[in-house]
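Chemist: Structure provided below as structure tokens; questions to follow.
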């Protein structure tokens with residue numbers, strides 16, 4: 001009996017050591033900039049980055065109070081109340097010296113690199129920002145998941161709210177859904193990253209030029225999309241000549257790829273990178289023959305990163321959200 005108990009104890013110790021080894025597996029390479037910890041267990045890593053084809057521009061647009069708002073069925077909505085004063089206050093603060101400096105420095109202390117960069121020819125505001133009143137105190141911001149999931153808004157908005165007394169309600173989804181939300185009259189301003197969709201928003205009469213600005217579309221900061229995948233990189237993406245060649249290698253080998261599939265800025269960029277002969281668009285019919293490897297998730301960036309990790313798949317994401325995902329051990333939210 002004593003011998004049996006000794007053997008049982010030894011077995012338990014071996015199993016415990018194996019479990020610890022798995023829990024402490026080191027993080028795969030993420031481009032060499034972010035600090036690594038033995039506690040991180042994410043295998044997905046950055047394989048292509050800092051390519052000119054991967055620049056990710058962000059714009060602010062104020063919602064026009066006189067816009068032709070309509071519900072999801074296209075029926076006109078007449079009782080929309082847009083908080084133009086609050087929207088202007090938030091936009092002017094984000095474009096002020098204080099707001100821009102905070103955005104530019106976000107993430108450096110934690111990751112050892114900047115997550116967002118200011119445009120060289122960006123709009124800058126020196127406007128006086130009014131304090132919130134009972135009528136203007138609540139601001140509705142419709143925005144993309146990347147500035148939310150990356151933690152940027154959670155870093156910026158409390159500073160603005162405490163200083164001026166506003167409360168900012170954030171609706172976070174892909175750019176397409178965020179713009180659609182504003183078109184229904186459910187937002188006072190938008191912060192998104194898809195030039196084509198932004199220009200259509202303006203052309204349809206949903207935005208206007210703020211006092212002191214030269215255009216409706218206030219393009220002020222950017223970061224980079226990154227192509228990520230499993231650390232063993234079965235498609236050879238890391239060694240591809242450029243990003244389009246990397247996408248071609250994924251398609252040729254039919255390696256799993258997670259698409260946002262939600263009309264977001266990230267989804268729009270991804271579609272533009274596939275070989276033209278594949279014919280991949282936002283329409284499900286266009287990739288019906290590729291569903292054995294091309295997974296259209298119709299989900300936010302965080303959820304898609306979780307799927308890519310679980311499925312050993314490739315994915316296009318913004319770098320800020322990816323670094324946040326890795327630092328939180330594969331959890332977003």
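Chemist: Looking only at residues in region 35-57 that are touching a strand residue (DSSP E or B) at 6+ places or on another chain (Cβ under 7 Å) and modelled with pLDDT of 95 or more, which one is surrounded by the fewest Cβ atoms within 10 Å (Cβ to Cβ)?
Modeler: Across region 35-57, the extreme among qualifying residues is 45.
Chemist: Out of all the residues in region 131-147, which are surrounded by 19 or more Cβ atoms within 10 Å (Cβ to Cβ), in a strand (DSSP E or B) and free of Cβ contacts under 8 Å to residues at least 60 places away in the same chain?
Modeler: Hits for region 131-147 are 139, 140, 141, 142, 143.
Chemist: Whether any residue in region 70-93 is more than 24 Å from the chain's Cα centre (by Cα) and part of a strand (DSSP E or B) is what I want to check.
Modeler: Yes: region 70-93 contains one or more residues that are more than 24 Å from the chain's Cα centre (by Cα) and part of a strand (DSSP E or B).
Chemist: When you go through 128, 161, 109 one by one, which is the residue that is touching a strand residue (DSSP E or B) at 6+ places or on another chain (Cβ under 8 Å), free of Cβ contacts under 8 Å to residues at least 12 places away in the same chain, more than 19 Å from residue 318 (Cβ to Cβ) and not assigned by TED's automatic domain parsing to the domain that holds residue 301?
Modeler: 161
Chemist: Of the residues that sit in region 201-243 and are within 21 Å of the chain's Cα centre (by Cα) and not in a strand (DSSP E or B), which one is modelled with the lowest pLDDT?
Modeler: 243
Chemist: Follow-up question, since we're still on this one. Return the only residue of 333, 300 being touching a strand residue (DSSP E or B) at 6+ places or on another chain (Cβ under 8 Å) and either more than 18 Å from residue 256 (Cβ to Cβ) or modelled with pLDDT under 95 (or both).
Modeler: 300
The values are calculated or read from the model by the stated rules, or taken from the named source; none is laboratory data. All figures in this text were calculated on a predicted structure; none of them were measured in a lab. Virtual Cβ from ideal backbone geometry, glycine too; neighbours counted across all protein chains shown.
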